[in-house]
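Enquirer: Let me give you the structure first, and then I'll get to my questions.
Read-outs: derived from the displayed coordinates by stated rules, not from any lab. Quick caveat: nothing in here was measured; it's all calculated off a predicted structure. Because the Cβ atoms are built from the backbone with ideal geometry, glycine has one as well, and the counts that use them run over all protein chains shown.
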Amino acid sequence: MKTALYEEHLAAGGRIVPFAGWQLPLQYRSQLAEHHAVRQNAGMFDVSHMLGIDLEGEGAAPLLSRLLANDVGRLQQVGKALYSCMLNPEGGVLDDLLLYRLAEQRYRLVVNAATAERDLHWIEQQRVGYPVTLTPRRDLAMIAVQGPHARNKGAKVLPPKLAEGLLQLAPFHAQEAGEWLLARTGYTGEDGFEVMLPAAAAVPLWRSLQAVGVVACGLGARDTLRLEAGLNLNGHDMDEKTSPLESGLGWTVAWEPAERDFIGRSALEQQRQRGLHRQRVGLLLEGRGVLRNSLPLWKDGQQIGVITSGGYSPTLNCAIALARVAPESGDSCSVELRGQQRLLRIVRLPFVPFNRDSAPIRQ
């Protein structure tokens with residue numbers, strides 16, 4: 001599948017790769033330059049492969065209360081956003097997503113491309129008995145603009161109503177203007193915004209952002225940025241067999257009110273009572289080397305865990321990784337690289353501090 005911006009990516013020299021069934025740019029001229037543009041100025045990503053799903057009706061909030069580990073009741077005001085996991089009955093993560101409250105009885109979920117069809121089927125199964133209308137928004141495109149100057153640049157080219165509100169918009173808040181939805185969210189650890197808009201409007205906005213100096217970025221930079229920020233990648237750092245408690249996402253589970261029986265709650269409660277057998281940590285390799293996904297981790301001759309996401313950090317100029325390890329693994333472990341055991345430091349996340357004005361999380 002191709003997004004509304006596919007021809008723009010080709011014209012700019014984008015290296016196109018398949019991703020979750022979509023044809024998307026891995027990079028343009030330099031992945032490093034794109035990464036640094038976001039950290040230092042402003043970059044933009046075509047994230048139209050992600051799917052918006054609108055839920056409307058008196059059953060929308062009760063259904064979402066059942067579907068999500070976080071509590072939709074926290075969205076007391078129209079325009080607020082919530083990050084959550086959607087779980088299976090065993091407490092595994094089906095998907096992580098954002099939820100926006102758009103009106104009194106209208107919400108929008110934004111889900112990952114790789115799980116979109118499965119998510120839709122799951123929600124359809126669970127909504128039986130709930131008076132709610134479900135509408136996949138395949139008519140929309142989505143652009144993420146990230147970096148310390150993202151909002152200032154975006155305000156120059158967005159429609160007047162959205163531009164006026166962008167500079168005052170608080171993190172994890174959104175506003176609508178017709179079919180446009182602007183949200184102060186992101187997946188880089190930097191400040192910025194994401195905008196969902198009619199597909200026909202995507203190319204003009206993309207070109208306008210380029211004209212004010214926003215750098216087009218690909219999947220490669222998006223991955224190194226989110227890794228530096230310590231943000232999970234669905235299907236790697238969390239999956240159907242891994243709970244949010246094991247994935248560093250315990251803060252997204254709303255235990256109160258106690259009577260809210262969300263899917264997976266019983267399994268999570270049992271896991272919390274037993275204690276975790278694995279936990280998410282950050283790893284840093286001093287010296288040369290590459291940390292790859294699925295590499296086993298060792299301590300005192302015993303395997304204690306596995307790397308779930310690894311790569312090079314352009315900001316720190318070293319290899320970093322996210323991993324799941326046994327509790328009480330201390331402050332170090334080792335990994336075998338080219339036949340040699342190399343020492344890894346276990347460090348606190350994020351690797352690179354968040355921009356103080358940024359939203360804290362995004363898929």
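Enquirer: What order do you get for 109-116, 314-321 when each peptide is scored by the mean count of other beta carbon atoms within 10 Å, highest first?
Expert: Peptide ranking by packing, descending: 109-116, 314-321.
Enquirer: Highest first, please rank the peptides 300-306, 1-7 by the mean number of other Cβ atoms sitting within 10 Å of their residues.
Expert: Final packing ranking: 1-7, 300-306.
Enquirer: Can you match Cα extents along the principal axes in Å to one of these, (1) 76, 45, 43; (2) 60, 51, 36; (3) 92, 76, 34, based on a calculation from the structure here?
Expert: From the options (1) 76, 45, 43; (2) 60, 51, 36; (3) 92, 76, 34, the structure gives (2).
Enquirer: Please identify which residues in the range 264-284 have an amide N closer than 11 Å to a label point set 7 Å out from the Cα of Trp255, following the Cα→Cβ vector.
Expert: So the set is 269-270, 272-273.
Enquirer: A further question follows. Would you mind checking which residues have amide H under 5 Å from Thr308's amide H? H placed 1.01 Å from N; only 5 or more apart, or other chain.
Expert: Close amide H contacts, sequence-distant or interchain: Ser294, Leu322, Ala323, Arg324.
Enquirer: A follow-up question, please. If you find the alpha carbon centre of the range 1-69 and of the range 207-285, how far apart are they in angstrom?
Expert: The range 1-69 and the range 207-285 have Cα centres spaced 17 Å from each other.
Enquirer: Something else now. Give me the orientation-averaged projected area of the Cα convex hull of the range 98-196, in nm², one decimal.
Expert: The Cα convex hull of the range 98-196, projected and averaged over all directions, gives 7.2 nm².
Enquirer: Take each of the peptides 137-145, 331-339, average the number of other beta-carbon atoms within 10 Å over its residues, and list them starting from the highest.
Expert: 137-145, 331-339
Enquirer: Compute the length gained on full extension between Arg348 and Ser30: take 0.36 nm times their separation in residues and subtract their Cα-Cα distance, giving the result in nm to one decimal.
Expert: Result for the pair: 111.6 nm of gain on full extension.
Enquirer: Could you work out which residue, out of Pro148, Pro257, Pro136, moves most in a Gaussian network model of the chain, that is, has the largest mean-square fluctuation with Cα springs under 10 Å?
Expert: Taking springs between Cα atoms under 10 Å, the residue moving most is Pro257.
Enquirer: Between Ala201, Ala323, Ala11, where does the largest GNM mean-square fluctuation fall for the chain, given springs only between Cα atoms within less than 10 Å?
Expert: Ranking Ala201, Ala323, Ala11 by mean-square fluctuation puts Ala11 first.
Enquirer: Ok, one more. In whole Å, largest first, what are the principal axis extents of the Cα atoms in the range 216-363?
Expert: 52, 45, 24
Enquirer: Right, next: Amide H of Met238: which non-local residues (sequence gap of 5 or more, or other chain) have their own amide H closer than 5 Å, using H built in the peptide plane?
Expert: Distant-sequence amide H within range of Met238: Leu233.
Enquirer: In the range 155-299, with Lys and Arg counted as +1 and Asp and Glu as -1 at Cβ, which of these residues, Gly189, Gly235, Val281, has the Cα nearest the positive end of the dipole, that is, farthest along it?
Expert: About the Cα centre, the residue reaching furthest to the positive side is Val281.
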